1. Six or more apart or on different chains, Cβ atoms under 7 Å: show the pairs whose first residue is in the stretch 309-324 and at pLDDT below 95 and whose second is open to solvent by less than 20 Å² (accessible area, probe 1.4 Å) and assigned to a helix (DSSP H, G or I).
2. Answer yes or no as to whether LYS180 is open to solvent by 20 Å² or more (accessible area, probe 1.4 Å), within 16 Å of ligand 2 (Cβ to nearest atom) and closer than 30 Å to THR267 by Cβ.
3. Given the residues GLY301, GLY322, which is the only one that is within 20 Å of LYS211 (Cβ to Cβ), open to solvent by less than 60 Å² (accessible area, probe 1.4 Å) and not in a loop (DSSP other than H, G, I, E, B)?
4. Give the residue that is farthest from ligand 1 (Cβ to nearest atom), with candidates limited to residues of the stretch 109-124 that are of a type outside the set (A, V, I, L, M, F, W, C) and open to solvent by 20 Å² or more (accessible area, probe 1.4 Å).
5. So, of the residues in the stretch 133-154 that are buried (at least 21 other Cβ atoms within 10 Å of the Cβ) and on the phi > 0 side of the Ramachandran plot, which turns out to be nearest to ligand 2 (Cβ to nearest atom)?
6. With respect to ALA104, is the statement that it is away from ligand 1 (no atom under 15 Å from the Cβ) and either free of Cβ contacts under 8 Å to residues at least 40 places away in the same chain or crowded, with 24+ Cβ neighbours inside 10 Å (or both) true?
7. State which residue is surrounded by the fewest Cβ atoms within 10 Å (Cβ to Cβ) when the search covers only the stretch 244-258 and only residues that are more than 10 Å from MET281 (Cβ to Cβ) and more than 12 Å from ligand 1 (Cβ to nearest atom).
8. Considering only residues that are surrounded by fewer than 18 Cβ atoms within 10 Å (Cβ to Cβ) and part of a helix (DSSP H, G or I), which ones fall in the stretch 63-87?
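The values are calculated or read from the model by the stated rules, or taken from the named source; none is laboratory data. What you see is a predicted model, and the numbers here were worked out from it, not measured in a lab. Glycine gets a Cβ as well: all are built from the backbone with ideal geometry, and neighbour counts include every protein chain shown. We work out accessible area using only protein heavy atoms, side chains counted, and drop any ligands, DNA or RNA first. Shrake-Rupley method; radii C 1.70, N 1.55, O 1.52, S 1.80 Å.
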Amino acid sequence: MSDNRIHVSASREYDVVIGSGLLADSGKLVAEAVPKATKLLIVSETNVAPLYMDTVASSLREAGFEVTEYVFEAGEKSKNIDTVAGMWASMAKAGFTRTDAVIALGGGVTGDMAGFAAASFLRGIRVVQIPTSLLAQVDASVGGKTGIDLPEGKNQVGAFHQPSMVIEDTDCLKTLPKDKFTEGMGEVLKYAFIMDTKLYDKLAIYAEDGKAMDLQNDPAALADIVRRCVEDKAEVIAEDEHDTGRRQILNYGHTIGHVIERNSGYTKDHGICVAMGMGIMTDCCYAAGRMDKDTYGKMIGLINSYGLPADDDITPDDAVSGAMNDKKKRGDVISLILVNKIGEAEIVPMTPDEYHDFLTGR
Ligand SMILES: NC(=O)c1ccc[n+]([C@@H]2O[C@H](COP(=O)([O-])OP(=O)(O)OC[C@H]3O[C@@H](n4cnc5c(N)ncnc54)[C@H](O)[C@@H]3O)[C@@H](O)[C@H]2O)c1
Ligand SMILES: [Zn+2]
């Protein structure tokens with residue numbers, strides 16, 4: 001086991017441990033994170049459990065924990081109250097007390113739901129996140145946002161509930177389907193654009209060397225990139241845990257991306273829609289004279305190099321009406337995140353009319 005720790009300072013202080021081979025050592029790490037726990041519920045799903053449940057469960061049992069396993073049907077369609085109710089029932093049956101804990105083993109769907117089950121059971125018990133997808137390692141598992149979807153919309157019910165530790169074994173990314181890996185790169189590029197020129201440089205060199213589409217098979221480079229993204233997210237969270245200020249920059253590409261995602265009936269993956277959203281914002285910034293041509297070429301080029309689309313034919317009317325239905329808007333003002341220079345994001349409030357004009361310009 002080799003690992004690397006990033007400390008997160010939020011309402012709870014915790015470490016994100018990143019490394020190769022960490023699953024086999026999860027017992028020791030969990031014992032450090034939740035020393036008072038005796039019972040653990042491992043939440044996982046039908047794709048991830050066959051690959052990793054045994055390794056994690058054995059390590060936790062060896063460390064002396066009493067382990068219950070809860071496996072749900074993989075996919076966003078399971079992210080609902082019935083699945084969470086199943087977790088509550090398992091914990092109640094096993095006689096969990098307030099010092100016991102939940103272990104989330106899987107992608108963002110698992111992490112969001114297991115985190116919410118922990119936030120709500122007995123008014124809040126501890127959770128340790130073990131994210132297995134790229135998107136969950138660089139984004140969803142860190143920062144404490146948990147929740148479920150409603151038929152009326154995604155992530156409509158939830159809670160802020162910071163984990164006690166996040167254990168990121170980069171070896172898990174080897175088994176991730178290629179399209180899910182590519183999707184996760186959408187969020188990776190987001191960090192480069194909004195706040196991290198060093199990450200941008202690494203990704204650009206990789207792309208220039210023709211290795212962008214091969215990143216999944218380069219564990220050292222990948223671990224380095226995951227670590228940078230987590231450091232970036234930790235920095236933003238430390239400043240604005242509850243998403244009222246700077247944390248909003250993490251929504252870059254998301255205002256329009258969410259609308260594309262919803263309008264596709266969720267058939268288009270989140271990270272793909274975020275890439276489209278970032279591409280469209282780049283187009284608009286260039287058209288509005290906010291961005292130079294060189295930056296424009298670099299940003300669109302990088303999105304495409306990693307196998308992601310940088311455009312979509314969504315109309316300004318659809319984009320504006322969609323944004324007005326989004327829970328993240330404040331009053332009648334849309335907080336748009338713009339990047340005009342790589343590594344710097346700004347929050348620009350726009351009225352619906354201003355946003356419409358901005359989009360029509362491209
Ligand atoms: N809480 C947050 O801050 C936050 C941020 C971003 C996204 N999210 C949420 O995360 C979810 C998306 O996350 P996701 O893309 O990880 O979805 P996911 O959990 O559905 O995982 C994607 C797919 O990859 C599979 N998978 C995961 N890890 C694997 C592995 N190591 N090997 C093989 N297959 C593996 C899963 O079974 C699934 O089919 C959405 O529900 C979204 O709302 C939350
Ligand atoms: Zn996202």
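1. GLY322/VAL259; ALA323/VAL259; ALA323/TYR355
2. When the stated conditions are applied, LYS180 passes them.
3. After applying the criteria, what remains is GLY301.
4. ARG123
5. Looking at residues that are buried (at least 21 other Cβ atoms within 10 Å of the Cβ) and on the phi > 0 side of the Ramachandran plot, I get GLY143.
6. No.
7. Across the stretch 244-258, the extreme among qualifying residues is THR244.
8. GLU76, LYS77, ILE81, ASP82, ALA85, GLY86
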